[in-house]
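Just so it is clear, none of the values below were taken in a lab; they were calculated from the coordinates. Treat the numbers as computed from the prediction; the structure is a model and nothing was measured. Backbone-built Cβ (ideal geometry, glycine too); neighbour counts: all protein chains shown.
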């Protein structure tokens, strides 16, 4: 382990995290879409000269823990580091070039001092639309990634400090909301510049060699803590599985099989036995899967250090090709959060066999992304994109919180009033789904119900939901959480829709209702404290 | 009968009640501290006034005005000592308060966070009726159903009720109807409506703020009653105003209606004082830092004006009312230094607090803190700490440092101790840099003003870290808040949300909104009895590019609102956007989200009150060994109150006074100003 001065290490470490935070604030305050500004669906990070992640702004684990994989893929297969020039910005959204799904554009900017590359800054933003078969990029009917929208290999969108306008115009021509896309993208570039300037100041202050040495030491320290936490676990091999909903109604749930091996200070996670890749877009590439595993292992090990790429070193992830969690080109992957979340819950379920006192029952199980292509009477078009969450699984010592971001996702909801001010929707209900939390000594958190009336002339509803047929698991005798549902009521008649709905037509007056799952319970429900039972009843939680 | 000439400022803290007053005739001011009386803080207030009158020779009839900063609301929230309340929402949205905004802080925690929901689900009730996004009535209230809801509220036995309906910021009619009906049934209920407390878009923030307000009404009402009673008993007839989070004063009747606006009453005094001192020293750009035992508060005064934000947070609860902008991190004298499981040196945010406190307090603390390190490095003196009333255990501090830091990290004692200070100073500097960064400002353009008991030992080194070349130490940091409060004016912040394109054709709509707000502001100042010449109405607008989440607050040009006004607003917005975010976008549509009016009623006579300063101690030549600039140095130690106006002290030096100690490293020169405040400059 390299050993720079421990004092300087802390000072520079804090400065590196500040760089990521400054980039994060820049995106937050200048972006345009509700996706970024209300849902906070973006992340920022700083890499060393070789592309190893040294600092992150705490935001979205699913992004943060995959950025390095993407960067390393770009370097190894597309643009070798020696071809990165001062003034370049390289961007990609291609799941088969290290990305996750097409709406996520990952942009990198190398930072040079005196001709020497000293760092790379990175900003990932989920853009509101990327073309393809459905608004928001969630084309449930897609069978190839080509149907999911514009796919950009790693390219220089900015060269020598100048935006490549031809390329940018091409991108904007292929998305549904070019103005919003443009605003968010410019904010992404601005944040990369903010990060680059901050890194240059650090280089001037501490010297390039010191920065390098400290970057390496930060990775070593994180690795050290991670290995110590793993070494405290018993050695052995454990298996667990969790499921996503069947791909077609009436089919079999799709298994995600995990084999967890703890050997000394290293952990191996293998997915042999996982279902073959799906025909539709409910697949994940290794970037998503690995990121879900990193999240679950870091959380289960209770590591408190600043998370960086050093935490990843003791973890090996393997998955057979052509499976749900390691899909082969050109499988569609827009709904990669579905297998991604279940990858995380399956890994945690395996850990529940090792350290049952630290692992909660399953949370709601996916991010409930949905979008509506809207056509107004005057011909104007809009895309409404939103996401909803559900209840947490109960922890051995605590009830699961109701309606709160969990797992490898983290984000805010969009205020109802903001939605109504911008889009032709009127909400009828936004509340907790009584009785949806799994019973247990500790109760699972409640899922959420949202119900709105569509006000525009015509719309197409798209959803990327899961956990309608499967259920968030309980642990130690706790019950499963309730599943989710989606329905539309027209003229008094209610139609249940599939979790993955594509282009369901809406007209003015239709009422859309969605319910998200509650978390699983923990422990025998009969052992629940009588006061807690009484309170649940008084508050209508059960 | 003489004209009342005395303006009194009282800041009641946990231990001391600080008072400063100004005599309009002599132009002089004086301050004193007396003990806080926790069972009835009002008694401490009148005690302090009586003491001041006796000592400085004024009678109750001489008092023109009393301004009062209070932590009553803050403490009630921090200790959750709040009455039971009910919430009435639009039917179907009873859970908005609990759901909040979803995002979690610790992304790797598997045990859920504790969420503070101030009103349980059983006391949240849905009412019929619906207002649309444009303020139109979509569905009328069903009064029979409403009466049933009101019966349930009445039966729940609560003292306070918040009413927050969807889109009430656009049309308050339903909230008003429900309030009237509720008050008719429960005349003693404390009722708060969201359109009055926080009439802005985003239902969760508005609900949370309204709920907090409703629960604070009984708390503040009780306190105001006690104040009135005590003042009457003491024979003090002067009007009393409370200080709000925005730094402005508010009359007692109005304060009882919107107590949520008092939550940052205490800290805003310090920021007001920083603003006043910045102007007095002709240094318009100042970052004020208040370092205490556990936290470090950063506030910005730019162009002579304190920065105010429209939303903040207290103890994890969002509060959306205008307040002085304050960025807080967990770093202070009590911050603990430790080696984490990965083998890295960490300082804070864990704090030893008051109990057990730093190791050197000898009250059972075992982990070394920032204060311990300052003692070990000779920056604090065991003999003079807090006026020498308090013996410090230097050996204990040293052995804690050895066991917890030096040995595990294989560092020598000096390196370990100075390293801890370097780490904490870097954190303090980062928090300042971040506060300024978010506004597109450069620390090098600012002076650092340090107040708070623990800040003096860190301020100059933090300034060095940031490239700041001027540091200001107020003469008496221990009564600084009271000094700031003394110059407060009445301030009512009003706002109205309506999304309007920032285009010339919006002029009529904007003018109508402005007229409506101005009428409200004028009515409030009428109620305050403000004379015409003492009124100012200031209009600002929150502007953004269409679809952005965050708005920039831009002042409106003076005069009638015309098409030209809109063009000028656009120009100002673009300029500010460029300054803060280093880009603008002239092709993009911009929009107005919220129009704001600040109605000011000027209370003071505009005169300054630089307190009289003359030396009150005798200089004694003294030195001690201090670790400064990387080495142990025999360092001169000065008593602040022995330095005459104009005196200059070159670093390295220590300047001590009763409540705080200041460190001046080599390369800096400190000057005593005529007012007794001190400015340190980097010697270039």
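Sort A:443, B:596, B:152 by Cβ crowding within 10 Å, fewest neighbours at the top.
Listed from fewest to most nearby Cβ atoms, that is B:152, B:596, A:443.
If N is the number of residues in the range A:211-356, what value comes out of its Cα radius of gyration divided by 2.2 N^0.38 Å?
This ratio for the range A:211-356 stands at 1.09.
Please state the equivalent ellipsoid semi-axes for chain A: what are the square roots of 5 times the Cα gyration tensor eigenvalues, largest first, in whole Å?
So the equivalent ellipsoid measures 36, 31, 20 Å along its semi-axes.
Hey, what did chain B get for relative contact order, percent, Cα under 8 Å, at least 6 apart?
11 percent
Rounded to two decimal places and with Rh computed the Kirkwood way over Cα pairs, what is Rg over Rh for the range B:278-323?
Ratio of gyration radius to Kirkwood radius: 1.07.
Ranking request for peptides B:335-346, B:407-418: highest mean number of other beta-carbon atoms within 10 Å first, then the rest in descending order.
Ranked by mean Cβ neighbours within 10 Å, highest first: B:335-346, B:407-418.
By average Cβ neighbour count within 10 Å, what is the ranking of B:289-297, A:263-271, B:449-457 from highest down?
So the order, starting with the most tightly packed, is B:449-457, B:289-297, A:263-271.
Antiparallel versus total DSSP beta bridges in chain B: what percent is that, nearest 5?
Roughly 70 percent of the beta bridges in chain B run antiparallel, per DSSP.
Quickly estimate the mean residue ellipticity at 222 nm for the protein assembly as shown, helices only: each DSSP H run with n ≥ 4 gives -39500 (n - 2.57), and the total goes over all residues, rounded to 500.
Helices in the protein assembly as shown give a 222 nm mean residue ellipticity of -9500 deg cm²/dmol.
What are the principal axis extents of the Cα atoms in chain B, in Å, biggest first?
80, 71, 56
Using a 7 Å offset from the Cα along the Cα-to-Cβ direction at both residue A:524 and residue A:201, what is the distance between the two label points in nm, to one decimal?
6.0 nm
Return the Rg/Rh ratio of the range A:255-318 with Cα-based radii and a Kirkwood Rh.
Dividing the radius of gyration by the Kirkwood radius yields 1.00.
Sort the range A:431-510 into rounded, prolate or oblate with this rule: let a ≥ b ≥ c be the square roots of the eigenvalues of the Cα gyration tensor; rounded if a/c is under 1.5, and if a/c is not under 1.5, prolate when a/b is larger than b/c, oblate otherwise.
prolate
Taking every pair of alpha-carbon atoms in the range B:157-297, what share in percent sits in each 10 Å bin, from 0 to the bin with the longest distance?
Spelled out per bin, shortest first, that is 11, 29, 30, 21, 8, 1.
In whole Å, what is the distance between the alpha-carbon centres of the range A:428-506 and the range A:194-208?
Value for the Cα centre distance between the two parts: 48 Å.
Fewest to most neighbouring Cβ within 10 Å: what's the order for B:50, A:209, A:225?
A:209, B:50, A:225
Fewest to most neighbouring Cβ within 10 Å: what's the order for B:571, B:80?
So the ranking, lowest neighbour count to highest, is B:80, B:571.
Any idea what the relative contact order of the range A:350-498 is, in percent, if you count C-alpha pairs under 8 Å spaced at least 6 apart?
Relative contact order of the range A:350-498: 26 percent.
How large is log10 I(q)/I(0) at q = 0.30 Å⁻¹ when the Debye formula is applied to the Cα atoms of the range B:623-682, each weighted equally and without solvent?
Listed by q, the Debye log ratios stand at -1.34.
Across 5 Å bins from 0, what is the distribution of all Cα-Cα pair distances for the range A:6-224, in whole percents?
1, 7, 16, 20, 21, 16, 10, 5, 3, 1, 0, 0
Give the percent of DSSP beta bridges with both residues in the protein assembly as shown that are antiparallel, rounded to the nearest 5.
80 percent
What do you get when you divide the Cα radius of gyration of the range B:82-213 by 2.2 N^0.38 Å, with N the number of residues?
My calculation over the Cα atoms of the range B:82-213 gives 1.06.
Restricting to chain A, what percent of DSSP beta bridges are antiparallel, rounded to 5?
95 percent
If you wrap the range A:360-542's Cα atoms in a convex hull and average its projection over all directions, what's the area in nm²?
Quarter of the Cα hull surface area: 10.6 nm².
In Å, what Kirkwood hydrodynamic radius results for the range B:490-601 from the alpha-carbon pair distances?
14.6 Å
Using a Förster distance of 35 angstrom, determine the FRET efficiency expected from the C-beta separation of residue B:51 and residue B:253, and round it to 0.05.
My answer for the efficiency is 0.80.
In Å, what Rg and Dmax follow from the Cα atoms of the protein assembly as shown?
30.8, 96
Just the Cα atoms of the range B:335-424, one point each, no solvent: what log10 I(q)/I(0) does Debye give at q = 0.12, 0.14, 0.17, 0.21 Å⁻¹?
Here log10 of I(q) over I(0) equals -0.31, -0.42, -0.62, -0.95.
Rounded to whole Å and sorted largest first, what semi-axes of the equivalent ellipsoid does the C-alpha gyration tensor of the range B:371-438 yield via the square root of 5 times each eigenvalue?
With the √(5λ) rule applied to the range B:371-438, the semi-axes are 25, 19, 8 Å.
With the cut-off at 1.5 for a/c, could you classify the range B:581-677 from its C-alpha gyration tensor as rounded, prolate or oblate?
oblate
Which number do you get for Rg(Cα) / (2.2 N^0.38 Å) in the range B:293-397?
Output field value: 1.35.
What is the average number of partner chain Cβ atoms found within 10 Å of a Cβ in A:430-436?
4
Which whole-number percent is the relative contact order of the range B:623-682 (Cα, under 8 Å, 6+ apart)?
26 percent
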